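The values are calculated or read from the model by the stated rules, or taken from the named source; none is laboratory data. Source: prediction; values computed, not measured. Cβ: placed from backbone, ideal geometry, glycine included. Neighbour counts: every protein chain shown.
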Amino acid sequence: MNVGNNGKILCAAAGISHEFAKPEGNRLKVLDNINLQIRSGEVVALLGPSGCGKSTILRILAGLIKPTAGDVFTHGEKLAGLNKGAAIVFQGFALYPWMTVTENVEVVLKSTGYPFGEIGDRVRETVKMVGLSGFEDAYPRELSGGMKQRVGIARAIAVKPELLFMDEPFSQVDALTAESLRAEVLDIWEMAGANPQSILMVSHDIKEVVYMADRIVVLGAHPGRIRTVMENPLSRPRDYRSPEFQRLVERLHDIISGHEMPDVAVEPVMPPNFIEPLPNCSASEIVGLLEYLDARGGIADVFQISVDTRREFGQIITIVKGAEMLDMVDTPKRMVTLTAVGKQFTKASPEDRKNVWRGQMLQLNLFRTIKELIDKHPEQAISKELVQEIIVMHMPFENYEPLFDNLIRWARYGNLFSYDETSETLSPP
Amino acid sequence: MEWMPWGVPGRFRLRPLTAYWPDAVFILCLAGLFYGLAGFEEQITAHFRPAFEIDLSPLALPKYALFSLARGLAAYAISLIFTLLYGYWAAKDERAGSILVPLLDVLQSIPVLGFMPGVVLALIALFPRSNIGLELASIIMIFTGQAWNMTFGFYHSLRSLPPEQREAAAVFRFNWWQKLRWVELPSAASGLVWNSMMSMAGGWFFLMVSEAFMLGERDYRLPGLGSYMSVAVDKGNYPAMAWAFLAMIAIIVALDQLLWRPLTVWVRRYRLEESGGETDTDSSWFLEWLTKLKVLKAAELGLHHLMMRPTKQPAHPLTPPVRGKIERWLLSSLRWALFAAVIGVLLYAAAQLAGLVAELGVAEWKAVWYSTFLTFLRVFVVLLAATLWTLPVGILIGRSPAALKILRPVVQIAASFPAPMLFPVMVALFIWLHLSLGWGSILLMLLGSQWYILFNVIGAAAAVPADLKEATVSFRLSGWRQFTALYVPAVFPALVTGWVTAAGGAWNASIVAEKVSYNGQPLATDGIGALISQSAERGDFHTLAASIMVMAAVVVLLNRVLWGRLSGLAQERYSLGK
C-alpha cells in the first residue's frame, strides 16, 4: 500500500492560518501558514508539543473549523463545509453511552446514507475487524479505554472514508493496549482495500509516529507552524528495537530539541531592553526536574527524562527551558546537566532554596523590572493590569494571560512579591 | 438487530401463567386510573359553573385529589412540550436565543397572579358555555409555576454538549432530527428528569391560588384539592384542613415513588460518562418491579427502536441530498417570521402594560416602590434566617451517610410540599401569640423557601471528596474548625444556588404570605405580595401591572447583579471540580 509520494492528492491545506478570538477581544494566532498535502496510500503524522495547534489542523482539514486565511482542497476542489471523505477517531472516544457497540456503529451508517439493506452486514464486518466480536451488545461503560477506542475506530472505518483522521487516538488508552492498537490500525488500513486510503494522525509521541507514519510533519508552537517534514522510509512491519527505528527516533529528537533548546552560547547576548518570556511551567516542576537530575549524578538525556517522568516531551522541554533561564541547568546537545547554581540549589535547605531561586529570578529582566516597580512605590499596590501592560509592551507576540499567571507562580515560590487574587494587586512580600 | 417487540416467541410458552401476575396488576391499575380520569372529563365538559360548591366531607376528597393530580400532570405535559420547543429554539437559533433567554429570566420572575387575569379572562371569553376555559386557565396557571426552570435546564444541556460529541455528530453528518434523537435528547434526559421534579413542586406551590381565586370581586372555584383547602380555611374547618394536608402528602409521595424515583434511576443510563455525580446509590423498588413486566419491556424496546430508527434514506451513499435552495429559503424565512412574532408579541405586551401603568398617579407609584422595598427586606431576612439553621443542619446531615439515607428523602418530600397549605395553621398561631403579620409573613415565606437551601447544602456536603474529609480528620481539626475550614467553603457554591432558588421562592411566596385569610376574614400587611393579590382581587389591573412589573424588574436585577456575581465567585474560588 505504501506508494510513497506518487499517490494522488486527496486533501491539501494551502497557506492556512488561524486565529481564535479571545473573550477579552484580542486575537490569538494559533496557526501560521500551514501547507500540507495528504496523498492516497500514506500515513501522515502531525507531531508537536501541546498548544501547537495540531488538532486544529486536523479539524480544519475535516471541515469542522473554517480557517481565518487559506483554503482546504479535496481532490483539487476548494472545500466548503464538511470534508465528506473524512471520518475522525476522537481522543476522548465521543461514543454514545446509551447505545450498544452495534448501535454506535449503526447510527453513523444510517446518517451517512449507507445502503439500507447492507447496514447489518457492514456493522458485523467492522465490529469483527476491530476485534470486538462478542461485545456487540455491550454498552460503552462496560468497556475498557482500549475497547472503547476500538468502537471509535470501528465507527470511523465503517463508513468507508477515504481519509481516516485520528486525533491523539491512543493517549487515553493504557500503554500496552496502545501498542497493539497501533499495529491493528495499520493492519486494517493495509487490508481495507479501497478505503480508508490514507490516515492522518495527530500525536505527541515520537515512537508512535515513527512506528506508524510514512511522513512526519514536525510542528512548532506559538503560533503553530510547520518546522520540517520528515519521510519515514522504514518498511512495515516496523520493529521498535531495530537500530534504524532508534536512529529515526533520535533524529526527530534532535530536530525538536535542537530548535527548542538553543545551546548556551547564544543566550547571554541580549539587547538591553529585552524582556524574556517565561516558559509555561510551574516552579515545582522545575524543582522536580532539578531533584531528578540530582538523583542521577546531575546529568540526564532529555528523552530519558520524558520517559521516566511519563511527561509529554514538549512539556519536559518547556521545563528544561525554564530551569535554563534560571541558570540552574545547561543543555549541551540532548543532555541536561545541573550547573553549579543548580547543585547549590538542590543541596540547600528549603529556606535557602527560596533565596537561591529569588537571586536567580532577579537575573531576569522581567522580574527585575517588576520588583523595582514595587520597591519604588511601597505604599501603593501595583495592579495586575499594569504588569500585564508591561508584558504586552515588551512582548507583543506573547499571550499575556498565562504569562502573568506563570510570573506569579514563580515569584510566589521565591517569595519575591505577593499577589492578592481578590484585589488583583502585587505587593512586597 | 431484528425488530422483535414481543420478545423471542419460543420463550413465551415456557413460562407458567402465574409469571404474568405483575402484568395483570399493572394493567388493572392503568384501567382504574383511566376510569378515575373519566370523571375529570365530565367535569371539564359540564356546564359553565364558575364557583363549584365544594363538599368538605373527607369522602369527597379522593376525587378532588385526583382532579388536582390530573391538572398538575396536564400542566406538566404542556411544560414538557414548551420546554422542548422553546429550549431547542433558544439553543439553536442564536438570534432568537439572544431574546428568548433573557425573556425566560423575566417570565420566571413573574408570579402566577401576573398571568392570571389575562389567562382567565381570555379563556373564559373563548369558552363561555363550558368549564373548558376555566379548567384550561387553571392548568395554565399551574404551568406558569412549572415550566421555566425545566426550560432553562434543557437549554443549558443543549448548549453544554461536549465539543467532541458535537464534532462527531457533524463528521458523521447527523441531520438535526438524528442529532436530537441520538445525541441531544439522551444527554439532556437526566437533567430534564431532575428539573421536572423541581417543577412539579413549583406547580403545587400555587395549587390553592390556581384552583380557587378571586378576580374583580368575582369568585372562581374548581373542584380540586386546592379549592377544598381554601374552602376549609375560609370556614375554619380544621379537620378538613388536616385531610387536605394528608391528601397532598399522599399525592407527593405517590408521585415520588411511582414516577420520579423510578425515572431518575432509569434515566441514569442516558448520562454522558463525564458528568457523573448525583445520587448513584438511589434505587427504586417500583422500577425493579416494573422491569419484571413483560408489557413494559416490550414498550421500552419499542421506544428504543423508535429512537434508533433511520429517518430519511439519502439517495446515494456518502452523498446525502444537499438541502435545496427553496428548502433553505423556507427555513430562514420561517426563522425570521418566528423571531418577528416574538418581537411583535413583546412589543404588544409592552404597549398594553404601558397603557395600564400610565394612568397611575405618583402616590400609587410610591406605594408600589415602598411595598417592594418592604418585601425586599423580608426576602433578605428570610435568606439570613434560613441560612442560619440550614447550613449547620444540612452539613451535619450530608456528612453522615446514615442520616443522609433516612433524611434526604424526607427533605425532598418537605421541599415539594406546597407550604401555603400550612399557612392557615401558622396564621392561627400568630393570632394566638399576638404576632403581627408583618413579622409573621417572614416566617411564612421562610416556610416556603428554606428547603431549597437545605436541599442544596445536603447534596454538596454529601459530595465532599473522601480524601479531603480524611485530611481534616488526620490533622485533628476540631469540630468547629472542620466546619469553617472544609465544609462551609465546600458547600458554598451549592449554598449560592440555594439562595438564588430560595430568593425566587420567597418573592413568590410573599403573594400568599402577606395577604392571608383567617376564619374567612382577610388579613394583610404592607408588601408587594399583598399589593399584587389585593389588586388582582379588586380587579385593579393598573396597580397589578405596575406591581408585577416592579417586582419582576427587581428580581431580574438581583439575579443579574447580586446572584450572578456571587455564583461566579463561588465557581471560581470554591469549586471542588477543578
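Values computed for the structure shown
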| read-out | value |
| --- | --- |
| Sole exception among (1) closer than 30 Å to B:ALA524 by Cα; (2) at pLDDT below 85; (3) among the hydroxyl-bearing types (Ser, Thr, Tyr) for B:SER441, by number | (2) |
| Flag if B:LEU287 is touching a helix residue (DSSP H, G or I) at 6+ places or on another chain (Cβ under 6 Å), modelled with pLDDT of 80 or more and either more than 30 Å from B:TRP176 (Cα to Cα) or part of a helix (DSSP H, G or I) (or both) | no |
| Condition check for B:PHE206: within 14 Å of chain A (Cβ to nearest Cβ) and of a type outside the set (Ser, Thr, Tyr) | no |
| Hey, A:LEU290 part of a helix (DSSP H, G or I), at pLDDT 80 or above and over 20 Å from A:PRO49 (Cα atoms) or not | yes |
| Segments classed as helices (runs of 4 or more DSSP H), wholly inside the stretch A:293-390, with at least 2 members that are surrounded by 15 or more Cβ atoms within 10 Å (Cβ to Cβ) and of a type in the set (Lys, Arg) | A:350-361 |
| Sole residue being surrounded by fewer than 20 Cβ atoms within 10 Å (Cβ to Cβ), within 30 Å of A:LEU28 (Cα to Cα) and touching a helix residue (DSSP H, G or I) at 6+ places or on another chain (Cβ under 6 Å), chosen from A:HIS222, A:HIS253 | A:HIS253 |
| The stretch B:546-576, residues that are under 17 Å from B:GLY498 (Cα atoms), touching a residue at least 40 places away in the same chain (Cβ under 8 Å) and among the small types (Gly, Ala, Ser) | B:SER567, B:ALA570, B:SER575 |
| Members of the stretch A:107-129 found to be under 20 Å from A:VAL185 (Cα atoms) and more than 10 Å from every other protein chain (Cβ to nearest Cβ), listed by number | A:ARG122, A:ARG124, A:GLU125, A:THR126, A:VAL127, A:LYS128, A:MET129 |
| Matching option when the condition is surrounded by fewer than 24 Cβ atoms within 10 Å (Cβ to Cβ), out of contact with any His (no Cβ under 6 Å at 6 or more places or on another chain) and within 14 Å of chain B (Cβ to nearest Cβ), among A:GLU179, A:GLU168, A:GLU190 | A:GLU168 |
| Qualifying residue in the stretch B:407-423 (condition: surrounded by fewer than 22 Cβ atoms within 10 Å (Cβ to Cβ), assigned by TED's automatic domain parsing to the domain that holds B:VAL496, more than 23 Å from the chain's Cα centre (by Cα) and not acidic (Asp, Glu)) | no |
| Search result, residues across the stretch B:265-284 that are assigned to a helix (DSSP H, G or I) and either basic (Lys, Arg) or at pLDDT below 75 (or both) | B:ARG268, B:ARG269 |
| Strands (runs of 3 or more DSSP E) within the stretch A:1-93 that include 2 or more residues in contact with a Phe, Trp or Tyr (Cβ under 8 Å, 6 or more places away or on another chain) and either within 14 Å of chain B (Cβ to nearest Cβ) or hydroxyl-bearing (Ser, Thr, Tyr) (or both) | A:86-89 |
| Flag if B:LEU161 is within 27 Å of B:TYR86 (Cβ to Cβ) and within 14 Å of chain A (Cβ to nearest Cβ) | yes |
| Residue match in the stretch B:324-338 (condition: surrounded by 11 or more Cβ atoms within 10 Å (Cβ to Cβ), farther than 29 Å from B:TRP563 by Cβ, in contact (Cβ under 8 Å) with a residue 40 or more places away in the chain and of a type outside the set (Gly, Ala, Ser)) | yes |
| Any chance B:VAL556 is within 27 Å of the chain's Cα centre (by Cα) and crowded, with 19+ Cβ neighbours inside 10 Å | no |
| Filter result for the condition that a residue is within 14 Å of chain A (Cβ to nearest Cβ) and assigned to a helix (DSSP H, G or I), over B:ARG173, B:ARG181 | B:ARG181 |
| The lone exception for A:LEU132 - which of (1) of a type outside the set (Val, Ile, Thr); (2) outside any loop (DSSP other than H, G, I, E, B); (3) away from chain B (no Cβ under 13 Å) it fails | (2) |
| Pair list, Cβ < 9 Å and 6+ apart or interchain, from the stretch B:506-519 residues that are under 24 Å from B:ALA415 (Cβ atoms) and touching a residue at least 12 places away in the same chain (Cβ under 8 Å) to residues that are part of a loop (DSSP other than H, G, I, E, B) and hydrophobic (A, V, I, L, M, F, W, C) | B:ASN508/B:PHE206; B:ILE511/B:PHE206; B:VAL512/B:PHE206 |
| Cβ pairs under 7 Å, 6+ apart, first in the stretch B:465-492 and under 18 Å from B:GLU572 (Cα atoms) and buried (at least 18 other Cβ atoms within 10 Å of the Cβ), second at pLDDT below 80 and aliphatic (A, V, I, L, M) | B:LEU486/B:LEU468; B:ALA490/B:LEU576 |
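Every residue, every condition in (1) among the β-branched types (Val, Ile, Thr); (2) touching a helix residue (DSSP H, G or I) at 6+ places or on another chain (Cβ under 6 Å), yes or no:
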{"residue": "B:GLY355", "(1), (2)": "no, no"}
{"residue": "B:TRP369", "(1), (2)": "no, no"}
{"residue": "B:LEU384", "(1), (2)": "no, no"}
{"residue": "B:THR390", "(1), (2)": "yes, yes"}
{"residue": "B:ARG399", "(1), (2)": "no, yes"}
{"residue": "B:LYS405", "(1), (2)": "no, no"}
